1. Restricting to the stretch 294-324, name every residue that is open to solvent by 20 Å² or more (accessible area, probe 1.4 Å), assigned to a loop (DSSP other than H, G, I, E, B) and closer than 18 Å to residue 190 by Cα.
2. If I go through the stretch 424-445 residue by residue, how many of them are surrounded by fewer than 22 Cβ atoms within 10 Å (Cβ to Cβ) and either within 27 Å of residue 138 (Cα to Cα) or under 17 Å from the mean Cα position of the chain (by Cα) (or both)?
3. Output the residues belonging to the stretch 213-229 that are surrounded by fewer than 17 Cβ atoms within 10 Å (Cβ to Cβ) and of a type in the set (Val, Ile, Thr).
4. Give the residues of the stretch 189-211 that are among the hydrophobic types (A, V, I, L, M, F, W, C) and under 15 Å from residue 173 (Cα atoms), sorted by residue number.
5. Does residue 367 fit the bill of being buried (at least 17 other Cβ atoms within 10 Å of the Cβ) and either modelled with pLDDT under 95 or assigned to a strand (DSSP E or B) (or both)?
6. I'd like to check which strands (runs of 3 or more DSSP E) are fully inside the stretch 34-137 and have at least 3 residues that are in contact with a Leu (Cβ under 9 Å, 6 or more places away or on another chain).
7. Sort out which residues of the stretch 532-566 are open to solvent by 10 Å² or more (accessible area, probe 1.4 Å), touching a Pro at 6+ places or on another chain (Cβ under 9 Å) and among the polar types (S, T, N, Q), and write them in order of number.
Amino acid sequence: MPAAAFRRIPVPPAAQEQIEKKLFPAPTRGWIANENLAAAKPGGALRIENIFPTEKSVRLRGGSVRFATIGSGAPVTSLFNFKTGTGERFFAANETAIYDITAPPDANVSPPPDVSGQTSGYYSTTPFATIGGNFLYAVNGTDHARIYNGSRWDIVNGLQTYTITYDTETGNFTIGQQITGGTSGAKATILDIDDDGTQGTLYIQSILPGTVTYALNFDTQTANFTVGQVVTGTTSTAHGVIISQVDIGTTGTLYLQTVAGTFTAGETLTDPLGGSAKVNGTISVSDAGLFQNNETITDPLGGSARASGVANPYGIGPITGVDTSGLSQVMVYRSRLYFVEEGTFSAWYLPVDSLGGEATEFTLNGIFHKGGSLLFCGTWSLDAGDGVDDKIVFVTTEGEAAIYEGSYPGDASFSLVGQYDLAPPLGKNAFMHAGGDLLIATTEGIIPISAAITKDAAALTLAAITRSIEPEWMVEVRDRRTLPWSMLKWPSHNMAIVGLPTEGSSAGGGFDSGFDSGFAIGEGASVFTGPAPCCLVVNVQTGAWAKYTQWDTRSLGLYGEWAYFGTSTGTVMQAEVSGSDDGMPYECVLAWQFDHLSGVGPAYLAHQLRITCLASIPFTAFPSLSTNYVIKLPAAPPAQANNPSGSEWDVGLWDTAMWDARGAKIVTSRWASAGKTGFVVAPQIQITCGQLLAPDAEILSFVVTYEVGAIVV
């Protein structure tokens with residue numbers, strides 16, 4: 001056998017598996033719903049729910065805690081605050097009342113209303129300061145304007161308000177009833193009552209004086225007069241009934257009622273029982289028939305007390321020229337209050353630095369051409385402040401805007417800058433200021449007024465703040481157009497919130513139903529069964545959007561440094577606190593945009609997934625992949641006790657709880673198996689929050705390891 005047959009021949013080495021990897025940084029561009037799925041730019045997410053995009057990462061949102069309850073389950077339609085240099089008050093309103101919820105003793109029990117008997121709860125409010133102090137104006141378009149002075153809400157209408165104090169009360173008075181003075185005969189309507197047991201204060205209007213009492217001095221008396229008799233001037237024949245007198249010998253004063261004619265100085269006065277003297281001077285009014293001190297005052301429903309003073313003017317005085325019950329919006333422009341009259345093209349303004357007085361009409365009937373009515377007015381500034389370049393913007397229900405500059409409509413400097421077309425706004429409170437710009441939520445997106453003056457109406461959607469989520473914005477507008485929207489800027493969180501109102505919770509809606517079962521992108525709208533509770537949030541520095549689910553944002557308000565939302569079931573919730581929504585868990589979902597990994601064409605076998613997070617409280621994230629342009633999420637992971645110490649005051653146990661449970665943030669990185677094949681992939685993360693403390697966690701990146709396969713034809 002030849003020697004070559006015994007020669008050793010090396011065996012070719014086994015082919016090494018070619019594993020590649022792809023890094024997906026946190027999608028700080030936020031929710032992107034308007035880009036080409038096959039050629040999307042990096043840094044965006046197809047779905048980002050209950051996760052907020054920051055400048056350097058994305059963070060889990062905090063939960064919401066019940067802060068207050070008002071009424072008996074009716075929607076909370078307005079939230080507003082009153083702030084001074086020394087304190088702040090917080091108010092919530094429903095359709096019939098206004099409640100002070102500054103410090104509710106029990107979040108589940110409604111406090112008594114500060115204002116009741118209202119017919120609309122959709123308020124527009126503005127703070128206004130004068131030399132008399134700080135005030136808060138509130139109008140709703142159906143009830144008389146109200147003004148809060150730091151201690152109580154007063155009605156502002158066309159009548160002067162008076163107060164009369166009382167004591168020795170034997171029966172409670174009733175708002176809306178007419179009181180009568182037992183001696184004076186004066187009458188008035190009760191607006192409001194401060195009742196402190198057997199004493200208090202009545203706030204009254206529409207005073208009808210009783211019989212007027214006159215004083216007539218006399219001298220050279222030769223015989224005493226008698227109360228109840230008619231005294232007559234022998235020369236003038238003037239006469240009146242003596243109701244009382246002050247007699248100091250030969251001089252004194254007669255107090256007369258039912259006086260007819262004019263007494264003459266020096267003439268002789270007589271009464272039928274022999275009283276006689278001469279008139280000293282001229283007759284004068286002693287009592288104009290108003291309420292008198294110490295007289296008994298009563299109302300028809302049994303209210304009864306003794307007046308402990310006379311009626312005195314109270315408050316800021318009336319607004320004349322317009323019925324304040326028709327004013328639906330209020331704002332301040334160059335130290336004047338401006339109001340919109342409901343259902344008209346009329347705006348009204350007051351004198352400078354004035355809370356009341358003669359209102360002057362500014363009509364815009366000839367400016368707008370699409371019909372509708374004036375909805376709201378706001379300010380727009382080029383210098384991001386309150387200065388001489390400020391302009392006032394009048395916006396209609398049909399989306400027309402007229403911009404004026406100058407001091408006020410009655411001044412020669414006041415002139416029209418221009419008239420522009422927007423889309424119809426979504427409510428009189430659906431706007432906010434960012435710097436000096438005015439951002440208006442319309443049916444076609446959030447439009448800056450600065451863009452409206454430079455672009456044709458057809459191109460405004462390209463300049464909308466909501467451009468990246470335009471398809472989803474249109475879906476929400478379609479489903480929620482019947483209720484007014486609201487917007488809130490939350491400076492301490494670099495966030496703005498767009499409240500999406502709903503009449504109540506729904507079994508479906510949004511992406512939740514469709515994504516969990518799986519469907520092609522763009523088919524989500526077909527599974528809507530009603531608008532689910534949610535809101536839209538945006539990073540005001542980067543313009544990145546996200547969606548917060550389970551938040552029933554019927555109204556929005558800012559109190560202290562925190563945002564609050566009123567729900568359709570009568571509760572007020574504090575936002576971004578705790579680790580659950582009023583005790584219920586919520587799911588955080590993040591799905592990146594689809595990526596072709598190494599190139600277009602091959603199939604990829606994904607092996608391993610790694611998420612990198614930065615957190616101070618332990619939490620569990622569930623990573624997965626979707627493929628081939630179909631987002632499909634696994635079942636939501638269970639809520640975990642991510643705060644095992646129970647480290648919350650009044651909840652955690654002494655000697656067990658760690659009161660500083662957050663601690664320093666640490667970086668964690670976890671690997672998980674993928675086992676997915678596809679020609680494009682989209683990384684995704686699910687986290688279910690249900691702990692005590694708010695999650696303090698950021699998602700930094702997602703890594704996919706994969707093997708490149710062949711091109712499948």
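1. Correct list: 300, 301, 302, 308, 310, 315, 316, 318.
2. Selection size over the stretch 424-445: 10.
3. 220, 222, 226, 227
4. Taking the stretch 189-211 first, the residues among the hydrophobic types (A, V, I, L, M, F, W, C) are 190-191, 193, 202, 204, 207-208.
Residues satisfying the conditions are 190, 191, 193, 202, 204.
5. Working: buried (at least 17 other Cβ atoms within 10 Å of the Cβ): no; either modelled with pLDDT under 95 or assigned to a strand (DSSP E or B) (or both): yes.
The answer is no for residue 367.
6. Working: elements: 45-49, 51-53, 58-60, 64-69, 78-83, 88-93, 98-100, 124-130.
Answer list for the stretch 34-137: 45-49, 78-83, 88-93, 124-130.
7. Correct list: 542, 549, 550.
Residue-by-condition table, conditions (1) acidic (Asp, Glu); (2) crowded, with 20+ Cβ neighbours inside 10 Å; (3) touching a Ser or Thr at 6+ places or on another chain (Cβ under 8 Å):
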| residue | (1), (2), (3) |
| --- | --- |
| 145 | no, yes, yes |
| 148 | no, yes, no |
| 171 | no, no, yes |
| 178 | no, no, yes |
| 182 | no, no, yes |
| 195 | yes, no, no |
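The values are calculated or read from the model by the stated rules, or taken from the named source; none is laboratory data. The shown structure was predicted, so the numbers you read here are calculated from the model rather than taken from an experiment. Glycine gets a Cβ as well: all are built from the backbone with ideal geometry, and neighbour counts include every protein chain shown. We work out accessible area using only protein heavy atoms, side chains counted, and drop any ligands, DNA or RNA first. Shrake-Rupley method; radii C 1.70, N 1.55, O 1.52, S 1.80 Å.
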